[in-house]
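Undergrad: First, the structure itself, so that you have it in front of you.
The values are calculated or read from the model by the stated rules, or taken from the named source; none is laboratory data. Bear in mind that the values here come from a model prediction, so they are computed numbers and not experimental data. We place every Cβ from the backbone using ideal geometry, glycine too, and count neighbours over all the protein chains shown.
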Amino acid sequence: MKPYTRAERVSIQIQQAITELLARKMQDPRMEMATISGVRMSPDLSLAYVYVTVFGDKKRIRGALEGFQNSKGFIKKKIAPKLGLRIMPDLRFIHDDSFDEAARLDALIDAAPKGENREADAGEPDGSSGDPVE
């Protein structure tokens, strides 16, 4: 089993700390439908990319990202003591659209013809492969 790198450990700590802060301390209504889906650190630990999933339309997504951006100083101040780092990484909040993309792909799969229909379409109308039988 591969041990975690320091950047991966710090990513996990930041995600847990922001998630806890979001649940207990954040009162901005723009961030109500937001969850932290992941954090990716730069190798030198100077920058944390915080991936945010927001349920709603584009206006709600934009509002949530603005709320996180406006609260960045407060968030850094609250989570810094939990991280034990000499320098607190800068936070960049990014909309995570992977759930939206997964839902879109699910809809495409559901709309695709089922297996029985594809087999009939691939062969001859009577279901045979077209090869003569001896």
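Undergrad: Any chance segment 84-101 includes a residue that's over 23 Å from Arg6 (Cβ atoms), part of a helix (DSSP H, G or I) and in contact (Cβ under 8 Å) with a residue 12 or more places away in the chain?
TA: yes
Undergrad: Residues being of a type in the set (S, T, N, Q) and either at pLDDT 95 or above or not in a loop (DSSP other than H, G, I, E, B) (or both): count how many of those fall in segment 25-37. Spell out how you get there, then give the answer.
TA: Our first condition is that a residue be of a type in the set (S, T, N, Q); within segment 25-37, this holds for 27, 35, 37.
Restricting the remaining residues to those that are either at pLDDT 95 or above or not in a loop (DSSP other than H, G, I, E, B) (or both) gives 35, 37.
The number of residues fulfilling the criteria is 2.
Undergrad: Answer yes or no: is there a residue in segment 38-57 that is without any contact (Cβ under 8 Å) to a residue 40 or more places away in the chain, under 21 Å from Met88 (Cβ atoms) and either touching a strand residue (DSSP E or B) at 6+ places or on another chain (Cβ under 8 Å) or in a helix (DSSP H, G or I) (or both). Before you say what the answer is, go through the steps one by one.
TA: Going through segment 38-57, the residues without any contact (Cβ under 8 Å) to a residue 40 or more places away in the chain turn out to be 39-40, 43-44, 55-57.
Adding the requirement that they be under 21 Å from Met88 (Cβ atoms) leaves 39-40, 43-44.
Subset that is either touching a strand residue (DSSP E or B) at 6+ places or on another chain (Cβ under 8 Å) or in a helix (DSSP H, G or I) (or both): 39-40.
Scanning segment 38-57 turns up at least one residue that is without any contact (Cβ under 8 Å) to a residue 40 or more places away in the chain, under 21 Å from Met88 (Cβ atoms) and either touching a strand residue (DSSP E or B) at 6+ places or on another chain (Cβ under 8 Å) or in a helix (DSSP H, G or I) (or both).
Undergrad: Right, another one. Against the conditions (1) at pLDDT 95 or above; (2) closer than 15 Å to Gln16 by Cβ, where does Leu83 fall short? Just the number, please.
TA: (1)
Undergrad: Given the conditions (1) surrounded by 10 or more Cβ atoms within 10 Å (Cβ to Cβ); (2) modelled with pLDDT under 60, and given that Ala122 satisfies all but one, which numbered condition is not satisfied?
TA: (1)
Undergrad: Inside segment 83-96, can you point out the residues that are of a type outside the set (A, V, I, L, M) and surrounded by 14 or more Cβ atoms within 10 Å (Cβ to Cβ)? Even if it seems obvious, please write down each step before you answer.
TA: Step one: of segment 83-96, the residues of a type outside the set (A, V, I, L, M) are 84, 86, 89-90, 92-93, 95-96.
Once the filter is applied, which keeps residues that are of a type outside the set (A, V, I, L, M) and surrounded by 14 or more Cβ atoms within 10 Å (Cβ to Cβ), segment 83-96 yields Pro89, Arg92, Phe93, His95, Asp96.
Undergrad: Next question. Can you tell me which residue is farthest from Asp97 (Cα to Cα) among those in segment 6-37 that are among the polar types (S, T, N, Q) and surrounded by 14 or more Cβ atoms within 10 Å (Cβ to Cβ)?
TA: In the first step, residues of segment 6-37 are kept if they are among the polar types (S, T, N, Q); the result is 11, 13, 15-16, 19, 27, 35, 37.
From what is left, the residues that are surrounded by 14 or more Cβ atoms within 10 Å (Cβ to Cβ) are 11, 13, 15-16, 19, 35, 37.
Details: Ser11: 19, Gln13: 22, Gln15: 17, Gln16: 20, Thr19: 18, Thr35: 12, Ser37: 10 Å.
Ranking the candidates gives Gln13 first.
Undergrad: Separate question: I'm trying to understand the selection: among the residues of segment 64-73, which are within 18 Å of Thr19 (Cβ to Cβ) and touching a residue at least 24 places away in the same chain (Cβ under 8 Å)?
TA: Going residue by residue through segment 64-73, those that are within 18 Å of Thr19 (Cβ to Cβ) are 64-65, 67-69, 71-72.
Within segment 64-73, Ala64, Leu65, Gly67, Phe68, Gln69, Ser71 qualify.
Undergrad: Also: So in segment 38-63, with the set limited to residues that are of a type in the set (A, V, I, L, M) and at pLDDT below 95, which one is surrounded by the fewest Cβ atoms within 10 Å (Cβ to Cβ)? Can you show your working first?
TA: At the first step, the residues of segment 38-63 found to be of a type in the set (A, V, I, L, M) are 39, 41, 45, 47-48, 50, 52, 54, 61.
Cutting the leftovers down to at pLDDT below 95 gives us 45, 54, 61.
Details: Leu45: 17, Val54: 26, Ile61: 20.
Once the filter is applied, the top-ranked residue is Leu45.
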